[in-house]
Amino acid sequence: MLPSREQIERAAYERWERRGRFHGADREDWTAAEMDTVFELNYRTIAEFSLAEPERRVIGNERRPRCRFCEQSPPRAAFSVVRAVIPELAGNSSLYTREICDECTEQFAATMDPEFARFWESLDASRAGTASFRDLRAPTSIPIAAYKSLIRMALSLMPEQELSSFTDTIEWVSNPDHQFDRSLFESAGCLAYQAHVPYQAGWACLSSRNEEDAPFPCMLFFLAAERLILQMHLPLCALDEDLDGTEVRMPRRSFSTGTGSDLRTSTCLVLPLNSAANPPRTRRFRLFW
Ligand SMILES: [Zn+2]
């Protein structure tokens, strides 16, 4: 569903009021209002976590844990410790899960976590705000292993009742062969935003599409730390199959921060998945950024 002109106008007006009725940013207010109303009309938040809560939050059943990735429970799988849902190096000190077994953890550590750490490090300067996307050599793409690692995080914090739509996604994440079904991901990637003012605590969030047939991806994952926010859709969702052959648009957010006349929209970079080995097929939708 797209917002009406009146809805955008109202949101732009509210934004103008928020910045203390300061003139000279009409265009920015309009663009931000349009992005925010598109998102608000089409998505609802289904999971949201601060990554720096004073107390640990642990997802999963203590007495009978079940691995979200290999679907095994004890005694067939071992769960020796709780695992960080988002790596600690990405600013998580409070969100943990019981639902990744030792074997899957070991596999992820060997096949994708180091690549995520390198990717995250490559965004250090933009996250800390020592340089803007424009002024630094920010990455131009995201390696598939880092992308997969982020999707693994999204699946780890997803409410349990949603997981049944992501059977293929789970299977893909659990497959250590990154080239497997690689051609389905031709148009995948992530958005990286740099906010004007850093967030006090990191956060992670999942947003779900309101209407089944709206030309937007079903599920979006956001991960934020300091001034950096990453956004991606969850690939291979069963609820997206009806969109086959449709032009699906990735909604953008304004991630406005600052107060009064200092209220500013974030800047945004598109990071496509880096070079593919196989020619594209047409199964599933093509995503437009
Ligand atoms: Zn497992």
> Does Phe69 count as surrounded by 14 or more Cβ atoms within 10 Å (Cβ to Cβ), within 16 Å of the ligand (Cβ to nearest atom) and assigned to a loop (DSSP other than H, G, I, E, B)?
Replying inline: yes
> Considering Gln179, Gln194, Gln231, which residue is of a type outside the set (Gly, Ala, Ser) and under 12 Å from the mean Cα position of the chain (by Cα)?
Replying inline: Gln231
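Open to solvent by less than 10 Å² (accessible area, probe 1.4 Å), assigned to a strand (DSSP E or B) and modelled with pLDDT of 90 or more - does that describe any residue in the stretch 246-253?
To start, the set of residues in the stretch 246-253 that are open to solvent by less than 10 Å² (accessible area, probe 1.4 Å) comprises 248, 250-251.
Right, trim to assigned to a strand (DSSP E or B) and you get 248.
Next, only the ones that are modelled with pLDDT of 90 or more stay: 248.
Yes, the stretch 246-253 has at least one match.
State all residues of the stretch 100-127 that are more than 28 Å from Ser73 (Cβ to Cβ) and not in a helix (DSSP H, G or I); if no residue qualifies, say none.
Taking the stretch 100-127 and keeping what is more than 28 Å from Ser73 (Cβ to Cβ), we get 114-115, 117-127.
The one that is more than 28 Å from Ser73 (Cβ to Cβ) and not in a helix (DSSP H, G or I): Leu123.
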> Quick one: what pairs do we get from the stretch 142-153, first residue without any contact (Cβ under 8 Å) to a residue 40 or more places away in the chain and charged (D, E, K, R), second open to solvent by 10 Å² or more (accessible area, probe 1.4 Å) and in a helix (DSSP H, G or I), C-beta under 9 Å, 6+ apart or different chains?
Replying inline: Lys148/Thr111; Lys148/Glu115
>> Every residue in the stretch 80-103 that is buried (at least 21 other Cβ atoms within 10 Å of the Cβ) and near the ligand (Cβ under 9 Å from one of its atoms), please.
In response: Glu99, Ile100, Cys101
> For Cys190, which of the numbered conditions (1) of a type outside the set (Asp, Glu); (2) closer than 20 Å to Ser156 by Cα; (3) surrounded by fewer than 16 Cβ atoms within 10 Å (Cβ to Cβ) fails to hold?
Replying inline: (3)
> Just for the stretch 104-117: of the residues that are among the aliphatic types (A, V, I, L, M) and open to solvent by 10 Å² or more (accessible area, probe 1.4 Å), which one is farthest from the ligand (Cβ to nearest atom)?
Replying inline: Ala117
>> Please go through (1) open to solvent by 20 Å² or more (accessible area, probe 1.4 Å); (2) at pLDDT below 95; (3) within 25 Å of Ala12 (Cα to Cα) for Leu263 and return the number of the only condition it doesn't satisfy.
In response: (1)
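Quick one: in the stretch 16-57, which of the residues that are assigned to a loop (DSSP other than H, G, I, E, B) and among the charged types (D, E, K, R) is farthest from Gln231 (Cα to Cα)? Outline the logic, then answer.
The initial filter retains those residues of the stretch 16-57 that are assigned to a loop (DSSP other than H, G, I, E, B), namely 19-25, 51-56.
Still in the running and among the charged types (D, E, K, R): 19, 21, 53, 55-56.
Details: Arg19: 26, Arg21: 31, Glu53: 22, Glu55: 26, Arg56: 24 Å.
Applying the filter and picking the extreme gives Arg21.
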> Of the residues in the stretch 128-156, how many are part of a loop (DSSP other than H, G, I, E, B) and either surrounded by 22 or more Cβ atoms within 10 Å (Cβ to Cβ) or touching an Asp or Glu at 6+ places or on another chain (Cβ under 6 Å) (or both)?
Replying inline: 1
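The values are calculated or read from the model by the stated rules, or taken from the named source; none is laboratory data. Since we're looking at a predicted model, the values are computed, not measured. Cβ: placed from backbone, ideal geometry, glycine included. Neighbour counts: every protein chain shown. Side chains included, ligands, DNA and RNA excluded: accessible areas come from the protein's heavy atoms. Shrake-Rupley method; radii C 1.70, N 1.55, O 1.52, S 1.80 Å.
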